[in-house]
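The values are calculated or read from the model by the stated rules, or taken from the named source; none is laboratory data. Remember, it's a predicted structure, so these values are computed and weren't measured experimentally. Here the Cβ is made from the backbone with ideal geometry for all residues, glycine too, and neighbour counts use every protein chain on show. Surface areas here come from the heavy atoms of the whole protein model, side chains and all, with no ligands, DNA or RNA. Shrake-Rupley method; radii C 1.70, N 1.55, O 1.52, S 1.80 Å.
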Amino acid sequence: QVQLVESGGGLVQAGGSLRLSCAASGRTFSSYAMAWFRQAPGKERQLVAAISWTGSSTTYADSVKGRFAISRDNMKNTVSLQMNSLKPEDTAVYFCAARPWDIGRTVTDYDHWGQGTQVTVSS
């Protein structure tokens, strides 16, 4: 079982940066693919970025490519999302998620979820 706790959300102006972190409990963290999803009001939860259990493979939503970077530290049981050049349309609740081994791209691919952290980008 993996428990996930996100941190690092907040209010930032357009063009600014934020770094989200997700701390995972459990000794099997290194065998889980990790992902960040986001959900804006009235919209479906969507994949932002994901990283494989080894860290060798990543995937990004087209809307964040070149601006966001996902990384993981298997020694510290953490996964991070560095968000640069933020835009108002990045405003959403961001969720950390985990699934065994390989990257998934949909909500139903993931077994474990954090409670979410709010990111608000002002124009």
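For the subset of the stretch 69-123 comprising residues that are aromatic (Phe, Trp, Tyr) and under 24 Å from Gly10 (Cβ atoms), which member is least open to solvent (accessible area, probe 1.4 Å)? That would be Tyr94.
Just give me the residues in the stretch 1-16 being open to solvent by less than 60 Å² (accessible area, probe 1.4 Å) and either at pLDDT below 95 or outside any strand (DSSP E or B) (or both), in sequence order. Within the stretch 1-16, Val2, Gly8, Gly9, Ala14, Gly15, Gly16 meet the criteria. May I ask you to list the residues in the stretch 53-67 that are open to solvent by 10 Å² or more (accessible area, probe 1.4 Å) and touching a strand residue (DSSP E or B) at 6+ places or on another chain (Cβ under 8 Å)? Across the stretch 53-67, the qualifying residues are Trp53, Gly55, Ser57, Thr58, Thr59, Tyr60, Ala61, Arg67.
Among the numbered conditions (1) under 21 Å from Gln115 (Cβ atoms); (2) loosely packed, with under 13 Cβ neighbours inside 10 Å; (3) modelled with pLDDT under 95, the only one that Lys43 does not meet is (3).
Is it the case that Ser30 is in contact with a Cys (Cβ under 9 Å, 6 or more places away or on another chain), open to solvent by 30 Å² or more (accessible area, probe 1.4 Å) and among the hydroxyl-bearing types (Ser, Thr, Tyr)? No; evaluated as a whole, the condition is false for this residue.
Could you list all residues from the stretch 63-119 that are of a type in the set (Lys, Arg), part of a loop (DSSP other than H, G, I, E, B) and within 14 Å of the chain's Cα centre (by Cα)?
Selection gives Lys65, Arg67, Arg105.
Contact map, the stretch 106-121: residues that are farther than 19 Å from Asn84 by Cα paired with residues that are among the β-branched types (Val, Ile, Thr) and at pLDDT below 95, Cβ distance under 7 Å, separation 6+ or inter-chain. Pairs shown: His112/Val2.
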